[in-house]
1. Contour minus end-to-end for L38 and S26, with contour as 0.36 nm per residue of separation and end-to-end as the Cα-Cα distance?
2. Sequence-distant or interchain residues sharing an amide H contact under 5 Å with V45, placed H: which?
3. Apply 1/(1 + (r/R0)^6) to the Cβ-Cβ distance of A16 and S114, taking R0 = 41 Å, and write down the FRET efficiency to the nearest 0.05.
4. Among all the lysines, which ones have a C-alpha under 23 Å from K63's C-alpha, if same-chain residues fewer than 8 places away are not counted?
5. Please give the contour-minus-distance gain from V101 to D47: 0.36 nm per residue of separation, less the Cα-Cα distance, rounded to one decimal in nm.
6. So how far apart, in nm, are the two label points at F57 and S93 if each is 7 Å from Cα heading toward Cβ?
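Read-outs throughout are calculated quantities, based only on the coordinates presented, and are distinct from any laboratory measurement. These figures come from a predicted structure and were not determined experimentally. We place every Cβ from the backbone using ideal geometry, glycine too, and count neighbours over all the protein chains shown.
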Amino acid sequence: AFTAAVDKIKESVNGAIGKVEGLINSVIKGVNWLIEQLNKIKFDVPDWVPFAGGSSFSINIPKITEVKLPRLANGAVIPPNQQFAAILGDQRSGKNIEAPVHEIEAAVMRGIQSAGGIYGNPTSVTVILELDKRELGRTVYALTRQETQRVGVRLAEGSI
């Protein structure tokens, strides 16, 4: 119910942002139409006019680009090249991690390896990245004898 309420609020806020953006862009379109009309003004000065004869004059005003206002984020999964404003560190406990998925996967794997692997020394480990019970990524890492020797094992767990 809470998630549905948050989604509804987010939808309402993003809808209001879209309406404001549409209003601003309507004004910009009107101004750009005026600019187009002004840019059509061009005249040539006759040759017989002293000092400026044979010249031509025109107006060249650049158009105004339309605006794209930022929206509220779609959860904590941030697609590449999609900037948005965020407030981080507002949780009551725990830590926030904002990093590319591959960096988080590598950090988890380093943690598993530095802990001596998983009990029973399996030949592979499946790392699942999950957020709010939604699976964001899954990677299987092979734990070879060579990799275990490189990283090392705890003596209490035995050795390969």
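1. Going from the current span to full extension adds 2.5 nm.
2. Here the answer is G54, S55, S56, F57, since their amide H atoms fall under 5 Å of that of V45.
3. Result of the calculation: an efficiency of 0.25.
4. Within the straight-line cut-off, K63 pairs with K19, K29, K40, K42.
5. The span from V101 to D47 would gain 12.5 nm if fully extended.
6. If labels sit at F57 and S93, their model points lie 7.5 nm apart.
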